[in-house]
Each structure stands twice: as structure tokens, then as C-alpha cells.
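The values are calculated or read from the model by the stated rules, or taken from the named source; none is laboratory data. Small disclaimer: the values here were computed from a predicted structure and weren't measured. Methodologically, a virtual Cβ is constructed for each residue, glycine included, from the backbone with ideal geometry; neighbour enumeration extends over all protein chains shown. Just the protein is used for accessible areas: all its heavy atoms, side chains included, with ligands, DNA and RNA removed. Shrake-Rupley method; radii C 1.70, N 1.55, O 1.52, S 1.80 Å.
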Amino acid sequence: MDFIFLIALMFVAMYFFMVRPQQRKARQHRELIESLDVGDEVITASGLYGMITDFDGGTVFIEISDGVEIKISRDTIANKVVYAAEVDEDDEGQGPLMSGD
């Protein structure tokens, strides 16, 4: 009987330490993807910074330089870029921060 209790306890611990944090991270990413809008500056999973110019279903068009636009999957956007000046008006723009920072 103790063995079954230990196995059950192990599964409960695995759920709280592995499954729940992963579900929370997936939910946050899903919310981020849904909140994207034209004009948002983002960073892709591959590390490219750019500004969203258009959407086409699951596809996003991002301008990475003047006149250079790429087409990527919406799910490959890792984060929005938020500048420190937007977060705290007292700072003098310390550069880009990720929206999760």
C-alpha cells in the first residue's frame, strides 16, 4: 500500500513541477500571439527583431529593415519588444526589454 502511495505522490509532484509550469508558459504565449497588432515591434524565435506590417491568417509579415519584409508563421514570434521609456517615464530609455521582463 505504501508503494502505491509513493507512486501517486510522485505523479502529483511531477504535475506541479513539470506540467503546470509548461501549461502556464503555453497559455502566456497563446495570449501574446492573440494580442499582436500591426505596428508592434517583436522578436522571433530565431532572434530577428522587426515590426509587424500585416497579418494573413496564421502568417505575419514583419519589416526587419527599410524595404525588407519577411513572411513568418505567427507561432514563431517569441515576444513583444517594450522599451524602458515606455515602462517607466523616469528612465531615459535604457534599450529594449521583453514584455515578460
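Details
- Residue within the stretch 53-76 that is in contact with a helix residue (DSSP H, G or I) (Cβ under 7 Å, 6 or more places away or on another chain) and assigned to a strand (DSSP E or B) present: yes
- Residue, farthest from ALA78 (Cα to Cα), within the stretch 1-29, restricted to residues that are open to solvent by 100 Å² or more (accessible area, probe 1.4 Å) and aliphatic (A, V, I, L, M): MET1
- VAL82 being open to solvent by 60 Å² or more (accessible area, probe 1.4 Å) and aliphatic (A, V, I, L, M): no
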